[in-house]
Amino acid sequence: ADRLLADLGSLDWPDKIKSMQANWIGRSEGVEIGFSGIGVREAHLGGEIISGALSGGEFQISVFTTRPDTLFGATYLVLAPEHSLLDQLPYENKSEVEAYIQEAKNKSDIDRTAEGKQKTGVELKGVKATNPATKEEIPIFIADYVWAHYGTGAIMAVPAHDERDYEFAKKFDLPVRQVVAPLFTQ
């Protein structure tokens, strides 16, 4: 990707075409961050929900981000419907997840990320991830706006600082936590 991008400068093409080509190459600089996860079970005791770990239900999810400075604002994770970890997670709603995966397979990448497209997804019930910065347990979803072939196929969703994550969070009533202030000028 680096060589392809570097060689674009030597081409006698219009700037607009070079820009489109650079976007197609799709090189992104960022970091991978590990989120630990655990299968949980809920027990009801006197009207209170008590959560506890399932034995052997621990796992790791690695996410790629170009904005590690927003980690404190990550309020949920999203896996691509094709993510290989889905076969190993102890989530409870298998039939709902499998139906969604099948539905996503019938869409092209363009259809999945089209601007203005209604956000869709399914929460993986019974599993949670831990935000490594806040130690908060956060839900894990699958959604077709995340691609398996970009980064790790998993994202930390920071709805206050990403438009797609914001639309998804609003649809699924998820928290939006601003952690980066806009530039202040006098």
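Paramagnetic label reach from residue 4 (point 7 Å along Cα→Cβ; backbone nitrogen cut-off under 18 Å): within the stretch 132-153, residues 147-153.
Kirkwood Rh, the stretch 52-154, all Cα pairs: how many Å? About 14.5 Å, per the Kirkwood formula over Cα pairs. The fraction of accessible area contributed by carbon and sulfur in the stretch 72-120 is 48 percent, rounded to a whole number (1.4 Å probe; ligands and nucleic acids excluded).
Once you order the gyration tensor axes a ≥ b ≥ c over the Cα atoms, which shape class does the stretch 124-178 get: rounded for a/c under 1.5, otherwise prolate or oblate by comparing a/b with b/c? Rounded shape, in that the Cα axes give a/c under 1.5. Please state the relative contact order of the stretch 111-158 as a whole percent: Cα pairs under 8 Å, 6+ residues apart? Normalised by residue count, the contact order of the stretch 111-158 is 33 percent.
Once each of the trypsin sites (Lys or Arg not before Pro) sitting in a DSSP loop with at most 11 other beta-carbon atoms within 10 Å is removed, the chain keeps 28-134 as its longest stretch. Looking at the chain, the accessible area is 61 square angstrom per residue; that uses a 1.4 Å probe and ignores ligands, DNA and RNA. Along Cα→Cβ, 7 Å out, is where each label goes; now give me the distance between the ones at residue 125 and residue 93 in nm to one decimal. It works out to 0.6 nm between the two label points. Lysine pair count for the chain (Cα-Cα distance under 17 Å; residues 8 or more apart in sequence or on different chains): 11.
Approximating the spin labels as points 7 Å out from Cα along Cα→Cβ, the residue 149-to-residue 19 distance works out to 2.5 nm.
The relative contact order of the chain comes to 25 percent, based on Cα pairs under 8 Å that sit 6 or more residues apart. Reported value for the chain: 172 Å³ per residue, from the convex hull of its C-alpha atoms.
Given R₀ = 41 Å, what would the calculated FRET efficiency be for residue 179 paired with residue 11, taking r from the Cβ atoms and rounding to 0.05? After rounding, the FRET efficiency stands at 0.55. Within the shell defined by Cβ-Cβ distances under 13 Å, the residues around residue 109 carry a net charge of +1, with Lys and Arg each +1 and Asp and Glu each -1.
With R₀ set to 35 Å, the beta-carbon distance separating residue 135 from residue 167 gives a calculated FRET efficiency near 0.85. Averaging Cα coordinates gives a centre for the stretch 153-186 and one for the stretch 113-146; these two points are 12 Å apart.
The values are calculated or read from the model by the stated rules, or taken from the named source; none is laboratory data. On a predicted model such as this, the values are computed, not experimentally measured, just so you know. Quick reminder, even Gly has a Cβ in these numbers, built from the backbone with ideal geometry, and neighbours come from all protein chains shown. What goes into the accessible areas is simple: the full protein's heavy atoms, side chains included, and nothing from ligands, DNA or RNA. Shrake-Rupley method; radii C 1.70, N 1.55, O 1.52, S 1.80 Å.
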